[in-house]
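A.B. asks: Would you mind keeping the following structure in view while I ask a few things?
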Amino acid sequence: MRQRLIVGNWKMFTTAAKARRLAADVVEELGSETRVRVALCPPVPYLGIVGEVLSGTAVALGAQNVYPENEGAFTGEIGINMLLDLRCRYVIVGHSERRHTLGEDDRFINRKVVAALAAGLEVIACVGETLEQRRKRQTRACLESQLISALSGLTAEQVRHVVVAYEPVWAIGTGVNATPEQAQESAAEIRELVKERFGEESARALLILDGGSVNATNAATLMHLPDMDGGLIGHASLEADQFLSIVRSSL
Ligand code: 13P
């Protein structure tokens, strides 16, 4: 039985005060919750603040991005060692906002996956098709190429430290979530692709998260699809009540 995981991706939102308060509200309710795994991914400047609030609790800290080096002359970037220093457990890689708005390509994303895993981080690798790709029936091809590229060069053992988030681009921040049928179909394809490349055991253990307009109303259905193991939550993770309700509905 796979343990569910709910991750709050705060994107480029909150202030220091709001980040502290939001993390404290989550910890108050879920600080000792062990039935489901919960992680918060605040903006980089607030990783330290949120990390202090989460310290010693069951809620894990994650980063939204990383540069695939420990340190160096990479102005504006955040090194892998820095995430470890801040006690991050997770890092989101390949988010569509970084692919499409910031121009990250599959090769760069793969470098991040490889470097983060080598350092002992758990990677949340995002994949998802655009609306055009879905209309042209290229969803499976898109998921396959993004996934295979992101996981390129990994061993089956390393894949156990990867969580895949299925986030169709057209569902992110739009209020239009994937239907349960669409989400399940894509999650099953992702699991099948991992099985083909890395074997049955890796596929069975793989956590797959649904992302894109997941909220307190639709979460209960989406989180309990046969191949879905949780959610990567954007806007709804910025309100403690909504986020907590999503976590509760995953139980
Ligand atoms: P929304 O939940 O705001 O649609 O964002 C989803 C997402 O991109 C999470 O990474």
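Values in this text are rule-based calculations from the coordinates and carry no lab data. The structure displayed is predicted, hence computed values, not measured ones. Cβ coordinates were reconstructed from backbone atoms using ideal geometry, including for glycine residues, and neighbour counts include every protein chain displayed.
A.B. asks: Estimate the FRET efficiency between GLU29 and ALA73 by the formula 1/(1 + (r/R0)^6), using the beta-carbon distance for r and 41 Å for R0, to the nearest 0.05.
C.D. replies: Working: r = 43 Å, r/R0 = 1.04.
Computed FRET efficiency for GLU29 and ALA73: 0.45.
A.B. asks: Around ALA63, which amide H atoms from residues at least 5 apart in sequence, or from another chain, sit under 5 Å from its own amide H, with H modelled in the peptide plane?
C.D. replies: Those lying under 5 Å, H to H, from ALA63 are TYR90, VAL91, ILE92.
A.B. asks: Straight-line reach from LYS112: which lysines have a Cα under 20 Å away, not including same-chain ones fewer than 8 places off?
C.D. replies: Correct list for LYS112: LYS11.
A.B. asks: What is the sum of charges, Lys and Arg at +1 and Asp and Glu at -1, for the other residues whose Cβ falls under 11 Å from the Cβ of ARG2?
C.D. replies: Values: positive: ARG4, ARG37, ARG191, ARG204; negative: ASP227, ASP229.
So the environment of ARG2 carries a net charge of +2.
A.B. asks: How much length would be gained if the chain were fully extended between ARG89 and ALA205, taking 0.36 nm per residue of separation minus their Cα-Cα distance, in nm to one decimal?
C.D. replies: Working: separation 116, 0.36 × 116 = 41.76 nm, distance 1.84 nm.
Here the answer is 39.9 nm.
A.B. asks: So if a site counts as exposed when it's one of the trypsin sites (Lys or Arg not before Pro), its DSSP state isn't H, G, I, E or B, and it has at most 11 other Cβ atoms within 10 Å, what's the longest stretch of the chain without one? Write out the running numbers ahead of the final one.
C.D. replies: Numbers: sites that count: ARG35, ARG137.
After excluding every exposed loop site, the longest remaining stretch is 138-251.
A.B. asks: Name the residues whose placed amide hydrogens come within less than 5 Å of the amide hydrogen of LEU209, ignoring near sequence neighbours (fewer than 5 apart) on the same chain.
C.D. replies: Excluding prolines and chain starts, which carry no amide H, the hits are VAL164, ALA165, TYR166, ASP229.
A.B. asks: Order of THR14, THR57, THR174 from fewest to most other C-beta atoms within 10 Å? Don't jump to the answer; show the numbers that get you there.
C.D. replies: Details: THR14 20, THR57 17, THR174 12.
Fewest-to-most Cβ neighbours within 10 Å comes out as THR174, THR57, THR14.
A.B. asks: What value does the chain have for Rg/Rh, both radii from Cα atoms and Rh as Kirkwood defines it?
C.D. replies: Values: Rg = 16.7 Å, Rh = 17.9 Å.
Reported Rg/Rh (Cα atoms, Kirkwood Rh): 0.93.
A.B. asks: At 0.36 nm per residue, minus the direct Cα-Cα distance, what do GLN3 and LEU251 gain on full extension? Give it in nm, one decimal, please. Intermediate values should be presented prior to the final figure.
C.D. replies: Numbers: separation 248, 0.36 × 248 = 89.28 nm, distance 0.98 nm.
Difference between extended and current length: 88.3 nm.
A.B. asks: Can you classify segment 122-173 as rounded, prolate or oblate using the Cα gyration tensor, where a ≥ b ≥ c are the square roots of its eigenvalues, rounded means a/c under 1.5, and otherwise it's prolate if a/b beats b/c and oblate if not? If you can, show how the numbers build up before the last one.
C.D. replies: Working: a/c = 4.08, a/b = 1.84, b/c = 2.22.
Cα axes put segment 122-173 in the oblate bin.
A.B. asks: Moving on to the next point. Would you mind ranking ASP106, ASP241 by Cβ crowding within 10 Å, fewest neighbours first?
C.D. replies: Numbers: ASP106 16, ASP241 11.
So the residues, fewest neighbours to most, are ASP241, ASP106.
A.B. asks: Quick one: putting +1 on the C-beta of Lys and Arg, -1 on the C-beta of Asp and Glu, what dipole do you get for the chain around its Cα centre, in Debye to the nearest 20?
C.D. replies: Numbers: 26 positive and 31 negative charges, 18 e Å.
Dipole size: approximately 80 debye.
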